[in-house]
Amino acid sequence: AQSVSQHNHHVILSEAASLELGCNYSYGGTVNLFWYVQYPGQHLQLLLKYFSGDPLVKGIKGFEAEFIKSKFSFNLRKPSVQWSDTAEYFCAVTGSARQLTFGSGTQLTVLP
Amino acid sequence: DTGVSQDPRHKITKRGQNVTFRCDPISEHNRLYWYRQTLGQGPEFLTYFQNEAQLEKSRLLSDRFSAERPKGSFSTLEIQRTEQGDSAMYLCASSLAAGGSDGYTFGSGTRLTVV
């Protein structure tokens, strides 16, 4: 069975700080990896996804993530956060299952 | 507008009552998923349809839960004899490609409160 761990439950940053949110997955086979964002009161939105190819994936709103197979990791990064990035961020994976398996999420609060 | 519509947005019901939620996926998407999300947790998979066939069901889906997608378009999720533990956000998602290579698209969810 596949599983996802997000170790940071709540991250607080000031505007312009750099962001890195950790995501580790557990699955022995080929995986597809996703980051979703949920702004307050809104639906889950896809930030970026990795299926194959270049392990450095660029997504919307200046976010990127790097797939490191040897570490079973898919960390999300942004060089300079904005107040509008305040949201909950979810890492997710599909492996043998056709559906997404999500981590527990990281709440990001950006202070103006 | 996400393209995936869910109705109602909120539902408050008394314990023991039955409730039904509806999901309208993006029209060309033949894959439809139901998830449940509780406070402070990521969404948990409930069930999956490809066209009208229900192909997977989570162990989370007790006998009180039933889902249908009769014509391969919209889907309904019914909870019978609701319990307080059923209080959660119920999310619907759809995709076109297997494995979600096009990216799963989520609806805004139905928030259920059982009192």
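FYI, it's all coordinate maths here, none of it is from the lab. All values reported here derive from a predicted model rather than from experimental measurement. All Cβ positions, glycine included, derive from the backbone under ideal geometry; neighbour counts span all protein chains shown.
Mind listing just one residue for me: the one in the range B:21-49 that is out of contact with any Leu (no Cβ under 8 Å at 6 or more places or on another chain) and polar (S, T, N, Q) and, of those, nearest to A:A92 (Cα to Cα)?
B:Q41
For (1) in contact with a strand residue (DSSP E or B) (Cβ under 7 Å, 6 or more places away or on another chain); (2) within 11 Å of chain A (Cβ to nearest Cβ), each residue gets a yes or a no:
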{"site": "B:D7", "(1), (2)": "yes, no"}
{"site": "B:I12", "(1), (2)": "yes, no"}
{"site": "B:Y35", "(1), (2)": "yes, yes"}
{"site": "B:Y48", "(1), (2)": "yes, yes"}
{"site": "B:N51", "(1), (2)": "no, no"}
{"site": "B:E83", "(1), (2)": "yes, no"}
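So is A:N24 in contact (Cβ under 8 Å) with a residue 40 or more places away in the chain and in contact with a His (Cβ under 9 Å, 6 or more places away or on another chain) or not?
For A:N24, the condition - in contact (Cβ under 8 Å) with a residue 40 or more places away in the chain and in contact with a His (Cβ under 9 Å, 6 or more places away or on another chain) - is met.
What strands (runs of 3 or more DSSP E) lie completely within the range B:6-97 and have 3 or more residues being within 12 Å of the chain's Cα centre (by Cα) and surrounded by 14 or more Cβ atoms within 10 Å (Cβ to Cβ)?
By residue number, B:19-24, B:31-37, B:44-50, B:65-68, B:75-79, B:88-95.
Of everything in the range B:98-115, what is among the hydrophobic types (A, V, I, L, M, F, W, C) and either farther than 11 Å from B:C23 by Cα or part of a loop (DSSP other than H, G, I, E, B) (or both)? Give them in sequence order.
Scanning the range B:98-115 gives B:A98, B:L112, B:V114, B:V115.
How many of the residues making up the range A:36-63 are facing chain B (nearest Cβ under 10 Å), free of Cβ contacts under 8 Å to residues at least 40 places away in the same chain and under 12 Å from the mean Cα position of the chain (by Cα)?
Final tally of qualifying residues: 4.
State all residues of the range A:64-112 that are within 14 Å of chain B (Cβ to nearest Cβ), crowded, with 20+ Cβ neighbours inside 10 Å and outside any strand (DSSP E or B); if no residue qualifies, say none.
A:Q99, A:L100, A:G103, A:G105 - these are the residues of the range A:64-112 that are within 14 Å of chain B (Cβ to nearest Cβ), crowded, with 20+ Cβ neighbours inside 10 Å and outside any strand (DSSP E or B).
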